[in-house]
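Single-structure report; data block below.
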Amino acid sequence: MTHDPNKVISLSVMVPSPPGAIFDLLADPRRHHEFDGSGSVRAARVNAPARLTLGAKFGMRMRIGLPYNITNTVVEFEEGRRIAWRHFGGHIWRYILEPVGDETKVTEEFDWNGARSERMLRTMNAFEKNAKAIQRTLDNLVERFDD
């Protein structure tokens, strides 16, 4: 599959924390609702692992209009630096952490290179909505780790 950088929404922010603490939050699906900027994440399903690893599957209770459940699979994992997951739709949510002094540059990406239905994403206005949600998520991370 060819990777088209135009099919990635990517925003970054400096978070006043070392990468390990941020990664611990991202790798715990039971805590995703604490930083989610989309407003759609309600809670991890009961069978979600306490800590994500490469290939781990985790179910989430969601709500966009109506409540639903979704199962994600971790498709990228580098302890303290990178974590990404996707569900049946094929698009990926990715977090990249880069230490910069006492802070961490956190980049969140919505990557639809592998999306099964780009048309559906366009119909749902997913690109504009995800850009706004990413910004809110990053703002939430800054606020959470701001002393």
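The values are calculated or read from the model by the stated rules, or taken from the named source; none is laboratory data. A quick note: this is a predicted structure, and the numbers were derived from the prediction, not measured. No Cβ is skipped: glycine too gets one built from the backbone with ideal geometry, and neighbour counts run over all protein chains shown.
How many residues are part of a helix (DSSP H, G or I) and over 24 Å from residue 127 (Cα atoms) if we restrict to segment 20-39? Spell out the reasoning first.
The initial filter retains those residues of segment 20-39 that are part of a helix (DSSP H, G or I), namely 20-26, 29-34.
Filter again for over 24 Å from residue 127 (Cα atoms), leaving 20-25, 30-31.
The number of residues fulfilling the criteria is 8.
Can you name every residue in segment 59-88 that is of a type outside the set (Lys, Arg), touching a Ser or Thr at 6+ places or on another chain (Cβ under 7 Å) and either touching a residue at least 24 places away in the same chain (Cβ under 8 Å) or not in a strand (DSSP E or B) (or both)?
64, 77, 85, 87
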Legend entry - Filter result for residue 110 (assigned to a strand (DSSP E or B), modelled with pLDDT under 95 and closer than 18 Å to residue 10 by Cα): yes
Inset, instruction - May I ask you to list the residues in segment 99-130 that are closer than 24 Å to residue 31 by Cβ and either surrounded by fewer than 13 Cβ atoms within 10 Å (Cβ to Cβ) or within 12 Å of the chain's Cα centre (by Cα) (or both)? - result: 100, 102, 106, 107, 108, 109, 110, 111, 130
Legend entry - Odd one out for residue 57, checked against (1) crowded, with 18+ Cβ neighbours inside 10 Å; (2) at pLDDT 90 or above; (3) over 24 Å from residue 127 (Cα atoms); (4) not aromatic (Phe, Trp, Tyr): (1)
Legend entry - Cβ pairs under 7 Å, 6+ apart, first in segment 43-54 and free of Cβ contacts under 8 Å to residues at least 40 places away in the same chain, second among the polar types (S, T, N, Q): 45/69
